[in-house]
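Comments concern the structure below.
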Amino acid sequence: MYRAAVPVYALGDLEPSIDGDAYVHPDAVIIGSVTVGPQSSVWPGAVLRGDEGDIAIGAATSVQDNAVLHTTPDVPTVVGDRCVIGHIVHLEACTVMDDVLVGNGAIVLHEVVVHPWSIIAANSVVLDGTVVPTGAIAVGSPAVVKEGRARREMITEGVEAYVTRSRRFRDDLRRLD
């Protein structure tokens, strides 16, 4: 179990499970049925609220500043390994498979499935039930899926940067009162 001075809350019998090699910033909030995998990071202002269902975050995934992850009683929110969940993203009751980038300010809604090596462009809104195939980019509001347009290096560079950044914060961050 992750041990740090961060707001991690049980809700009744629902308790978060945070890998000891994950980094959760002290100003993030994790509540209820939430799992965070190894080398993953949850940044300031992010809220992962597993009160009605499960939220699962894989390995080496970043959930960046002010992101909100929620769920429904029937559909979990699942984020795979090596994903980049940008600043101010909202994910709810969707599946984001391995190796995906969700750009800043994007909204991904109920029963959306985002396949590997795909990108949700910044400020896009992916509506209920949309399937984003492998290697596609979803762009706009509502999002239009453009197959074969995602650039893998954007995903891998983002993942590597946040794994490195989380190690620095784990080692060097200190509060000044």
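Just so it is clear, none of the values below were taken in a lab; they were calculated from the coordinates. Here the structure is a predicted model, which means the values were calculated and not measured. Here the Cβ is made from the backbone with ideal geometry for all residues, glycine too, and neighbour counts use every protein chain on show.
Miscellaneous remarks
- Residue exposure sequence - Ile85, Ile31 - by fewest surrounding Cβ within 10 Å: Ile31, Ile85
- Contour minus Cα-Cα distance for Asp21 and Leu173 (0.36 nm per residue): 53.1 nm
- Taking every C-alpha pair closer than 8 Å and separated by at least 6 residues, the mean separation divided by the residue count of the chain gives a relative contact order of 13 percent.
- Burial ordering of Arg152, Arg174, Arg82, Arg168, fewest other beta-carbon atoms within 10 Å first: Arg174, Arg168, Arg152, Arg82
- Order of Ser62, Ser33 - criterion: other Cβ atoms within 10 Å of each residue's Cβ, fewest first: Ser33, Ser62
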